[in-house]
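The values are calculated or read from the model by the stated rules, or taken from the named source; none is laboratory data. Predicted model only: the values in this text are computed from it and were never measured. Positions of Cβ are generated from backbone atoms using ideal geometry, with glycine treated the same way; all protein chains shown enter the neighbour counts.
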């Protein structure tokens with residue numbers, strides 16, 4: 001009984017794949033037909049992608065005219081200058097070049113649907129992955145005691161009738177961004193499910209022959225609104241065979257974790273089940289050694305990121321006006337490469353914002369020449385844009401929120417015009 005009570009108080013469920021076998025086909029047919037499942041309808045949807053490990057923004061979007069960067073990275077530097085042997089970058093604006101493995105982003109940038117913010121990061125100068133991710137997801141970079149995540153607070157500000165699928169994370173455990181009082185679910189695989197209490201240690205998962213069994217075994221007097229909505233979400237998801245999903249426009253998603261997550265988010269969007277905030281993540285960005293330039297580990301990761309996001313966008317078709325996608329990473333990498341062909345923990349990085357309402361086709365932010373006197377701590381790209389300035393603007397403009405004080409306590413900065 002105590003376990004059941006704790007489960008119901010958790011405010012969210014983590015649903016993850018365990019190979020439970022086939023599931024029915026109702027929602028697959030609904031998705032294919034475009035049927036809206038009452039009482040939900042099309043909502044504005046914010047999709048956030050966390051690049052865990054700290055992406056090297058200077059390699060993803062390179063200020064290729066900067067002679068200081070060229071000197072600091074003898075084997076990693078690339079340029080977009082014509083006639084140069086290292087001229088593989090995609091010239092965006094005469095100053096910044098996009099990594100060649102992100103070529104799928106170029107049409108979106110030219111079409112002004114993709115915006116880039118450079119020099120973005122946290123005002124807290126920690127170089128701990130754990131702490132920096134925690135600060136970014138809580139939205140309070142100088143307060144470790146914040147119990148909620150900024151996306152959970154955003155959900156609370158939406159202020160209208162909620163679907164059990166209002167906030168969904170396509171991850172195996174609930175991300176810090178979704179911690180809080182507002183209902184959310186974490187689903188790593190729409191095909192097979194088990195129930196895990198959010199935050200439970202390994203081995204304390206609740207078990208039942210079916211979700212209906214667990215629902216029936218739970219005393220109705222213990223069911224609060226959150227618990228009831230979460231069970232409704234489970235029951236809804238049980239009715240689809242997602243293996244038969246066919247993306248629009250002959251889109252082929254990468255077979256990576258991120259590609260699979262975004263494919264499933266696209267499915268949920270097309271089901272019109274009330275999704276408003278979605279979360280996915282991409283790992284492996286901690287490139288301390290053998291980072292590579294045109295090819296290598298970094299190239300593989302940016303290829304996955306860009307092709308996954310582009311496939312997702314092309315798959316959305318008529319839903320594109322409703323969706324904005326935003327990436328984030330806890331910090332950047334050092335300006336100077338290290339002795340093992342990589343880069344170490346730094347400060348500023350860049351992020352990508354994709355949507356029809358962004359101020360696209362621009363590299364936003366205030367990046368100074370990478371001369372030693374302009375570097376943070378004499379070694380890093382300075383953080384000139386507080387991540388909260390961008391996150392708040394995207395959330396406010398796209399989701400029509402109007403309470404930055406609640407969304408990002410203690411932040412009183414200015415937005416930068418990344419949304420139109």
**Prompt:** Got a number for residues in the stretch 389-408 being surrounded by 16 or more Cβ atoms within 10 Å (Cβ to Cβ) and over 13 Å from residue 326 (Cβ atoms)?
**Reply:** 4
**Message:** Can you pull out every residue in the stretch 118-141 that is outside any helix (DSSP H, G or I) and either buried (at least 24 other Cβ atoms within 10 Å of the Cβ) or in contact with a helix residue (DSSP H, G or I) (Cβ under 7 Å, 6 or more places away or on another chain) (or both)?
**Reply:** 118, 120, 121, 122, 124, 126, 139, 141
**Message:** Out of 390, 383, I need the residue that is under 26 Å from residue 145 (Cβ atoms) and part of a helix (DSSP H, G or I). Which one?
**Reply:** 390
**Request:** Any residue in the stretch 365-379 that's in contact (Cβ under 8 Å) with a residue 12 or more places away in the chain and on the phi < 0 side of the Ramachandran plot: show its pairings with residues that are assigned to a helix (DSSP H, G or I) and surrounded by 14 or more Cβ atoms within 10 Å (Cβ to Cβ) at Cβ separation under 6 Å, as long as the two are six or more apart or on different chains.
**Result:** 368/374; 370/68; 370/69; 371/68
**Request:** Name every residue in the stretch 321-333 that is out of contact with any strand residue (DSSP E or B) (no Cβ under 6 Å at 6 or more places or on another chain) and buried (at least 18 other Cβ atoms within 10 Å of the Cβ), in order of residue number.
**Result:** 330, 333
**Message:** I need the full set of residues from the stretch 41-72 which are surrounded by 20 or more Cβ atoms within 10 Å (Cβ to Cβ) and at pLDDT below 95, in order please.
**Reply:** 43
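Are any of the residues in the stretch 344-361 under 27 Å from residue 292 (Cβ atoms), out of contact with any strand residue (DSSP E or B) (no Cβ under 9 Å at 6 or more places or on another chain) and either at pLDDT 95 or above or surrounded by 22 or more Cβ atoms within 10 Å (Cβ to Cβ) (or both)?
If we filter the stretch 344-361 for residues that are under 27 Å from residue 292 (Cβ atoms), which is where we start, we get 344-354.
Add one more test, that the residue is out of contact with any strand residue (DSSP E or B) (no Cβ under 9 Å at 6 or more places or on another chain), and what stays is none.
For the stretch 344-361, residues under 27 Å from residue 292 (Cβ atoms), out of contact with any strand residue (DSSP E or B) (no Cβ under 9 Å at 6 or more places or on another chain) and either at pLDDT 95 or above or surrounded by 22 or more Cβ atoms within 10 Å (Cβ to Cβ) (or both): absent.
So which residues in the stretch 142-166 are outside any loop (DSSP other than H, G, I, E, B) and farther than 22 Å from residue 354 by Cβ? Spell out the reasoning first.
Narrowing the stretch 142-166 to residues outside any loop (DSSP other than H, G, I, E, B): 150-156.
Answer for the stretch 142-166, where residues must be outside any loop (DSSP other than H, G, I, E, B) and farther than 22 Å from residue 354 by Cβ: 152, 153, 156.
Of everything in the stretch 293-320 that's part of a loop (DSSP other than H, G, I, E, B) and in contact (Cβ under 8 Å) with a residue 60 or more places away in the chain, which residue is surrounded by the most Cβ atoms within 10 Å (Cβ to Cβ)? Full working, then the answer.
To start, the set of residues in the stretch 293-320 that are part of a loop (DSSP other than H, G, I, E, B) comprises 293-296.
Narrowing further to those that are in contact (Cβ under 8 Å) with a residue 60 or more places away in the chain: 293-294.
Working: 293: 18, 294: 13.
Selected residue: 293.
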**Request:** Name the residue, out of 305, 262, 268, that is in contact with a strand residue (DSSP E or B) (Cβ under 7 Å, 6 or more places away or on another chain) and under 17 Å from residue 42 (Cα atoms).
**Result:** 268
**Message:** Can you go through 89, 98 and tell me which one is in contact with a strand residue (DSSP E or B) (Cβ under 7 Å, 6 or more places away or on another chain) and either farther than 20 Å from residue 353 by Cβ or modelled with pLDDT under 95 (or both)?
**Reply:** 89
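Could you check, for the stretch 327-343, whether at least one of its residues is more than 26 Å from residue 132 (Cα to Cα) and without any contact (Cβ under 8 Å) to a residue 60 or more places away in the chain? Show your work before the answer.
Taking the stretch 327-343 as the starting set, the residues that turn out to be more than 26 Å from residue 132 (Cα to Cα) are none.
The answer is no, given that none of the residues of the stretch 327-343 is more than 26 Å from residue 132 (Cα to Cα) and without any contact (Cβ under 8 Å) to a residue 60 or more places away in the chain.
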**Asked** List the pairs whose first member sits in the stretch 78-99 and is on the phi > 0 side of the Ramachandran plot and buried (at least 20 other Cβ atoms within 10 Å of the Cβ), whose second member is assigned to a strand (DSSP E or B) and modelled with pLDDT under 95, and whose Cβ atoms are under 6 Å apart, counting only residues at least 6 apart or on separate chains?
**Response** none
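Are any of the residues in the stretch 104-111 assigned to a helix (DSSP H, G or I), free of Cβ contacts under 8 Å to residues at least 60 places away in the same chain, within 23 Å of residue 358 (Cα to Cα) and out of contact with any helix residue (DSSP H, G or I) (no Cβ under 9 Å at 6 or more places or on another chain)? Before the answer, list the steps.
Initially, the stretch 104-111 is screened for residues assigned to a helix (DSSP H, G or I), giving 104-110.
Checking the rest, the ones that are also free of Cβ contacts under 8 Å to residues at least 60 places away in the same chain come to 106-107.
Filter again for within 23 Å of residue 358 (Cα to Cα), leaving 106-107.
Going one step further and asking which of them are out of contact with any helix residue (DSSP H, G or I) (no Cβ under 9 Å at 6 or more places or on another chain), we end up with 106.
The answer is yes; a qualifying residue exists.
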**Request:** Filter the stretch 142-169 down to the residues that are modelled with pLDDT under 95 and over 22 Å from residue 404 (Cβ atoms), then identify the one that is surrounded by the most Cβ atoms within 10 Å (Cβ to Cβ).
**Result:** 168
